[in-house]
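One structure is given here, and the rest of the page talks about it.
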Amino acid sequence: MPIFALIRRGLLSLMLVVALAVVPTTPPVVAQSSDDTRYAAIVVDAESGEVLFARHADSRRYPASITKVMTLYLAFEALTEGRVKLDDVITVSPRAASQPPSKLGLAAGQTITLDDAMKATAVRSANDMAMAIAEHVGGSQDAFAARMTAKARELGMTQTRYFNPNGLPDSRQVTTARDLAILARAVMRDYPQYYRYFGLHDWAYEGREYRNTNGLLRQGGGYDGMKTGYTNASGYNLAASAVRDGRRLITIVLGGRTTASRNSHVAALMDTGFELERLRRAGQPIQIAQTFFEQRGFGIGPDNSGPVQYASVADEEDEVETGVGSTSVSYASLPATPPQPARVTPAPSESRTVASLLRAEGPSDVTASLNGAAPVRPAPSRPVPRETARQAAGRWAVQVGAFRDETVARDWLTEVNRRFRSQFAAAERTVQNAEGWYRSRFTGMSEQAAQAACATLAERRVTCMVIRPQ
């Protein structure tokens with residue numbers, strides 16, 4: 001081969017090596033392990049459902065053992081419907097017995113009452129007992145997990161998927177902080193007689209004392225329940241609820257680096273939320289709660305996660321909660337499905353507030369924009385003949401939400417009607433389907449009544465819009 005051909009081939013090879021060295025390659029799929037991708041938080045008024053603070057609240061995260069809140073919710077449902085009883089005797093299956101720690105440790109063939117199994121799940125976060133409950137209530141893990149996901153849909157938890165009842169690592173099992181807040185409210189609303197399971201400080205079984213993994217229960221401050229969670233991929237999670245001065249708040253924090261830092265962050269968010277409620281009762285017109293939190297340093301850090309001060313040494317209280325400890329667990333990246341709002345009341349942390357939407361788009365587009373639909377621009381206004389105006393006097397409407405799920409739309413319409421009966425006493429309730437969006441509306445109103453009703457809802461921070469006759 002001529003010398004020039006050899007030189008040219010060599011130069012081409014060298015250029016290829018250099019090009020491969022400098023051109024970026026597609027990174028491999030890695031675990032969601034950095035704090036930026038694990039952290040999420042939300043603070044909700046338990047009675048009204050108002051979101052006081054939210055950060056990454058609609059980003060999918062791994063629930064870890066907070067999964068057990070749904071497991072117990074379905075057990076409460078079965079108890080209420082009479083399908084099971086507290087004194088039912090459960091025989092532990094080989095599958096339940098094989099679950100890794102944290103666990104109660106009963107061998108296959110041993111028995112336990114449903115009541116004790118639920119206490120072990122709530123207090124000890126026992127993975128084996130969560131599986132035993134699932135098999136007793138649902139027949140099998142797969143059937144029970146399918147029911148868990150179906151119930152999540154019923155409740156409006158649009159971003160949650162379940163594949164096991166205890167939160168052990170499964171890359172498909174995901175949720176959001178907002179969904180977990182919806183679940184927490186549902187437990188209190190639907191089964192208040194059983195909420196006490198989540199507030200047990202201690203539990204004695206077979207001569208041994210078990211302490212609740214939620215350390216905030218022993219610190220005062222009105223904390224009375226909910227659930228912890230931990231895996232390597234999720235970080236330290238906590239759903240907490242507290243009551244002060246007759247007001248109840250729910251706070252969800254996901255992705256903490258340690259038990260201590262997570263608990264501290266939850267406590268700081270709770271304190272700020274209750275301070276906000278106190279100032280409102282005192283007459284201060286705080287319209288955007290998110291701003292109140294951010295003025296106190298939440299959500300201003302370089303990763304938008306707030307002033308979470310992490311301890312250097314982890315509290316081992318939750319370290320073995322889901323059996324992974326220091327074991328490396330491989331997860332695929334979380335799916336990036338765009339979230340659909342589960343409630344009419346928007347998270348104040350969203351990039352556009354109600355006020356900015358009013359300025360940018362006009363009142364008629366606010367509800368659609370906040371609920372994920374593209375706003376429909378109204379046609380240019382035209383003078384309405386006097387006869388038409390009289391005919392249309394009783395055909396105005398108030399829309400209070402637009403949802404992808406019809407059940408959620410009907411439930412929210414019922415809830416708004418319950419809270420504002422006098423405003424809608426003469427109205428009809430309808431859910432209208434428009435291109436896959438279920439619109440919750442009060443119809444058959446006069447213009448004056450519709451405007452007055454929407455103004456009252458707005459004062460109570462419930463989003464609405466007045467619909468003129470077509």
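The values are calculated or read from the model by the stated rules, or taken from the named source; none is laboratory data. Since the model is a prediction, treat every value here as computed from it, not as a measurement. Positions of Cβ are generated from backbone atoms using ideal geometry, with glycine treated the same way; all protein chains shown enter the neighbour counts.
Yes or no: segment 174-194 includes at least one residue that is without any contact (Cβ under 8 Å) to a residue 60 or more places away in the chain, buried (at least 17 other Cβ atoms within 10 Å of the Cβ) and in the same structural domain as residue 221 (by TED's automatic domain parsing).
no
If residue 252 satisfies every condition in (1) at pLDDT below 95; (2) under 23 Å from residue 126 (Cβ atoms) but one, which is the exception?
In the conditions (1) at pLDDT below 95; (2) under 23 Å from residue 126 (Cβ atoms), residue 252 misses (1) alone.
Just to verify a result, which residue in segment 162-173, among those that are surrounded by fewer than 24 Cβ atoms within 10 Å (Cβ to Cβ) and touching a residue at least 24 places away in the same chain (Cβ under 8 Å), is farthest from residue 132 (Cα to Cα)?
Step one: filter segment 162-173 for residues surrounded by fewer than 24 Cβ atoms within 10 Å (Cβ to Cβ), giving 163-164, 168-173.
If we keep only those that are touching a residue at least 24 places away in the same chain (Cβ under 8 Å) too, we end up with 164, 168-169, 171, 173.
Working: 164: 12, 168: 14, 169: 18, 171: 22, 173: 19 Å.
Within segment 162-173, the match that is farthest from residue 132 (Cα to Cα) is 171.
In segment 65-106, which residues are aliphatic (A, V, I, L, M), farther than 18 Å from residue 203 by Cα and part of a loop (DSSP other than H, G, I, E, B)?
84, 92
So, in segment 195-232, how many residues would count as being surrounded by fewer than 23 Cβ atoms within 10 Å (Cβ to Cβ) and within 14 Å of residue 63 (Cα to Cα)?
Residues that pass the stated criteria total 1.
Determine, yes or no, whether residue 57 is closer than 30 Å to residue 462 by Cα and surrounded by 23 or more Cβ atoms within 10 Å (Cβ to Cβ). Write out each step before concluding.
Numbers: closer than 30 Å to residue 462 by Cα: yes; surrounded by 23 or more Cβ atoms within 10 Å (Cβ to Cβ): yes.
When the stated conditions are applied, residue 57 passes them.
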